[in-house]
Amino acid sequence: MPLEFELCPGRVIGGDQPCFIIAEIGQNHQGDLEIAKRMIRVAKESGADCAKFQKSELEHKFNKRALARPYTSKHSWGQTYGEHKRHLEFSHDQYRELQRYAKEIGIFFTASGMDEMAVEFLHELDVPFFKVGSGDTNNFPYLEKTAKKGRPMVISSGMQSMNTMKQVYQLVKPINPNFCFLQCTSAYPLQPEDVNLRVIAAYRSAFPDIPIGYSGHETGIAISVAAVAMGAKVLERHITLDKTWKGSDHQASLEPNELAELVKSIRMVEKAMGSPSKQLLSCEIACNEKLGKSVVAKVRIPKGTTLTLDMLTVKVAEPKGYPPEDIYDLKGKKVKINIDEDETIIEDAIENHVKKVKC
């Protein structure tokens, strides 16, 4: 069974624990603190476990030329990429305010540290776990420093190969055993044919001692629900208040009603996974009493007759008698009483009847 560990205070993931659902706000807040708070509340009211943001210290994430690059996209908040990113980046004090708000309404709060200095700030902020975005999963110095902080880690695997993920596992595991991988494809929005949910099973096979999850950028909820049915123990989905807002992530995000439906569907599927034991359940007894079949006499069978299969058939019968799966056991048995045509073959009618114990 995959390793279980405490991802947030009092909230264990892995094994038979419920899926941990992360509502990824990212930078869909449009740089507006009040919108960010509304989104945290949406995450809480929808039943998500955690509201997550993305924190960057821009001069540490980008070089000068990247920040100075002209940015003329319809999604731009500035003339250069740096101006655009600065518009969307909350200050340290704003992060503290958001963290206080999340605590006040009762939902876990964290962020992806998009560079090493952002990780330092989030560590100081005392977030419950670090999220490693796909862009830093092959950034081994970053991973090593983040792992050494000792906080649980959730590591996305977009843009990476299985070989790289094995290297990540070998790097992180000796330093910090409390981490999980998320299957992820970094495309916005993500087309179904590029999701590759079977990677979840491949990860579970390759890394049997860590939980595996899924970070989705597709539209709708069906694929994410399927990921949980396949064993995802952490699920991350971007959320928005309006898919038509400016920003490349909104189209691949869930609006509040979709997030609520996703959480509801996941919890329903988790109940439905149930037990691997197959047996007649108490909820099936009424149907079995009404429609369950029994062995009956196809012809009149006199007392002392040795039964052959051509004397028997199967019908819904009153009273109930031998179940259909036992019909072959009746071959060669003698009857102790006269049995009329179309009558049930009951246990008391058979010589040397031995009652089967059903497991």
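The values are calculated or read from the model by the stated rules, or taken from the named source; none is laboratory data. The structure displayed is predicted, hence computed values, not measured ones. Cβ placement follows ideal geometry from the backbone for every residue including glycine, while neighbour counts extend to all protein chains displayed. Surface accessibility is based on the protein's heavy atoms, side chains included, excluding ligands, DNA and RNA. Shrake-Rupley method; radii C 1.70, N 1.55, O 1.52, S 1.80 Å.
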Antiparallel DSSP bridges in the chain: what percent, to the nearest 5?
-> 25
Fraction of antiparallel bridges per DSSP, the stretch 163-249 only, in percent to nearest 5 | 0
Counting sequence-distant residues (5 or more places) and residues on other chains, those with an amide H built under 5 Å from that of residue 219 are 190
Of the listed links 37/149; 44/145; 149/173; 173/264; 55/166, those spanning more than 23 angstrom between alpha carbons are 37/149; 44/145; 173/264; 55/166
Roughly how many whole Å is it from the C-alpha centroid of the stretch 59-101 to that of the stretch 202-256?
-> 24
For semi-axes √(5λ) of the Cα gyration tensor in Å, which listed value, [x] 31, 24, 21; [y] 42, 20, 18; [z] 61, 21, 17, comes from the coordinates shown?
-> [z]
Can you sort 159, 311, 117 by 1.4 Å-probe accessible area, starting with the largest?
-> 159, 117, 311
Hey, quick one: spin label on residue 298, modelled 7 Å out along Cα-Cβ, who in the stretch 312-346 has an amide N within reach, i.e. under 11 Å?
-> 312-314
Where is the GNM fluctuation largest for the chain (alpha-carbon springs, 10 angstrom cutoff): 66, 36, 229?
-> 66
Distance in nm between pseudo-label sites at residue 268 and residue 144 (7 Å out along the Cβ direction from Cα) = 4.9
Rounded to the nearest 10 Å², the accessible area of residue 268 using a 1.4 Å probe with every protein chain kept is 120
Checking 282, 46, 73 against a Gaussian network model of the chain (alpha-carbon springs below 10 Å), the top fluctuating residue turns out to be 282
Carbon and sulfur: what percent of the stretch 42-184's accessible surface (1.4 Å probe)?
-> 48
So between residue 257 and residue 201, what do we pick up on full extension, going 0.36 nm a residue minus the alpha carbon distance?
-> 17.2 nm
For the chain, what relative contact order do you get, as a whole percent, if you take Cα pairs closer than 8 Å and at least 6 residues apart?
-> 15
Simple label model, 7 Å out from Cα along Cβ direction - residue 242 to residue 60, nm = 3.4
Just the accessible area per residue of the chain, please: how many Å² with a 1.4 Å probe?
-> 50
Roughly speaking, what is the centre-to-centre gap between the stretch 298-359 and the stretch 270-285 when only Cα atoms are used, to the nearest Å?
-> 30
Pick from 251, 183, 17: which residue has the top mean-square fluctuation in a GNM of the chain where Cα pairs under 10 Å get a spring?
-> 17
